[in-house]
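Shown next, in structure tokens, is the structure this report addresses.
The values are calculated or read from the model by the stated rules, or taken from the named source; none is laboratory data. A quick note: this is a predicted structure, and the numbers were derived from the prediction, not measured. Ideal geometry is used to build each Cβ from the backbone, glycine not excepted, and the neighbour counts take in all protein chains shown.
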Amino acid sequence: MMVLSAIWDRLDRDLVIQEAMYGCIMALTLMLTAYIGIIQYSDRMHLIYAILGMDVIWAIIDMYIFYRGDLMSRRRSIQLYWDIQNCSDREAKKKALDPEFYGTVFQVISSEDQDKMKDVFLDAKFAGNENFQKTNRHYLFNAATTFVFAAVPAIPPVLCLQFIDKFSVAILNASVISCVLIFFVGYFMAPGDSLKSRLATGLTTAGISLFFTVICAYFGG
């Protein structure tokens, strides 16, 4: 339980919701396009392979992209640090740090306190390889999270196709199960802990996923 709790605490909630939506939309889109005849498959197994292939391959692609993106972001941060160190104008250094506050927790504090944080950064020592090893583990964890939550949504459609004979019933069950699962992903990964926030995030996540599935299927996947 302690291991599961530690994993849960490290999950990037936005990343989980994003990847689960990707996987759900891709899998259900393939089923829906096959059902309405936009794309023809010779048998169910070919459709199953297409669903698994689509979700797993895209999970691998996203995993690589996010990992490489994290590494590139870190290299940019290192380069920024040394560029600032080589600059003699302290105000220019602070101005160069302004964009680094966008989209972070520091954007919610006052500009005066942000200025204090800039002073702390400018007077800080370079961390070195020890911190890099920690961030590498964090990047790898995020990459693995990306793969799992993008690939797992393929399971309900595949199981429904495998065990339900009537195709229309299979796609209905797959859609319902996928929407329920994506609702709970949104519910548990909501930015707030209140019931209202969780329900709103869950319903929005499921609704948007189903909406884009229909749109994608209508335009041919």
Where residues in the range 117-143 are charged (D, E, K, R) and farther than 16 Å from Asp70 by Cβ, which of them is nearest to the chain's Cα centre (by Cα)?
-> Glu130
Could you list all residues from the range 121-136 that are small (Gly, Ala, Ser) and either surrounded by fewer than 12 Cβ atoms within 10 Å (Cβ to Cβ) or assigned to a helix (DSSP H, G or I) (or both)?
-> Ala124, Gly128
Qualifying positions in the range 186-204 - modelled with pLDDT under 85 and either within 14 Å of Val16 (Cβ to Cβ) or among the hydrophobic types (A, V, I, L, M, F, W, C) (or both) = Gly186, Phe188, Met189, Ala190, Pro191
When the range 147-176 is checked residue by residue, the ones that are over 24 Å from Ile60 (Cα atoms), among the aliphatic types (A, V, I, L, M) and either in contact with a Lys or Arg (Cβ under 9 Å, 6 or more places away or on another chain) or in a helix (DSSP H, G or I) (or both) are Val169, Ala170, Ile171, Leu172, Val176
Pairing a residue in the range 25-40 that is within 14 Å of Phe211 (Cα to Cα) with any residue that is at pLDDT below 75 and of a type in the set (Val, Ile, Thr), where Cβ atoms lie under 9 Å and the two sit 6 or more apart in sequence or on different chains, gives none
Take the residues of the range 184-208 that are of a type outside the set (Ser, Thr, Tyr) and buried (at least 20 other Cβ atoms within 10 Å of the Cβ): which is nearest to Thr29 (Cα to Cα)?
-> Ala206
Could you check Leu159 against (1) touching a helix residue (DSSP H, G or I) at 6+ places or on another chain (Cβ under 6 Å); (2) within 18 Å of Gly53 (Cβ to Cβ); (3) of a type outside the set (Phe, Trp, Tyr) and say which number it fails?
-> (1)
Residue count, the range 6-56 (criterion: assigned to a loop (DSSP other than H, G, I, E, B) and on the phi < 0 side of the Ramachandran plot) = 9
Does Gly220 count as loosely packed, with under 14 Cβ neighbours inside 10 Å and modelled with pLDDT under 90?
-> yes
Ser175: passes all of (1) closer than 23 Å to His46 by Cα; (2) without any contact (Cβ under 8 Å) to a residue 60 or more places away in the chain; (3) crowded, with 17+ Cβ neighbours inside 10 Å; (4) not hydrophobic (A, V, I, L, M, F, W, C) but (2)
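Table: residues versus (1) hydrophobic (A, V, I, L, M, F, W, C); (2) surrounded by 15 or more Cβ atoms within 10 Å (Cβ to Cβ); (3) at positive phi.
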{"position": "Arg74", "(1), (2), (3)": "no, yes, no"}
{"position": "Leu97", "(1), (2), (3)": "yes, yes, no"}
{"position": "Val105", "(1), (2), (3)": "yes, no, no"}
{"position": "Asp115", "(1), (2), (3)": "no, no, no"}
{"position": "Asp119", "(1), (2), (3)": "no, no, no"}
Going by the conditions given, is Gln18 modelled with pLDDT under 85 and more than 16 Å from the chain's Cα centre (by Cα)?
-> no
Assuming Trp58 fulfils every condition listed in (1) at pLDDT 85 or above; (2) surrounded by fewer than 15 Cβ atoms within 10 Å (Cβ to Cβ); (3) within 26 Å of the chain's Cα centre (by Cα) apart from one, which condition is it?
-> (2)
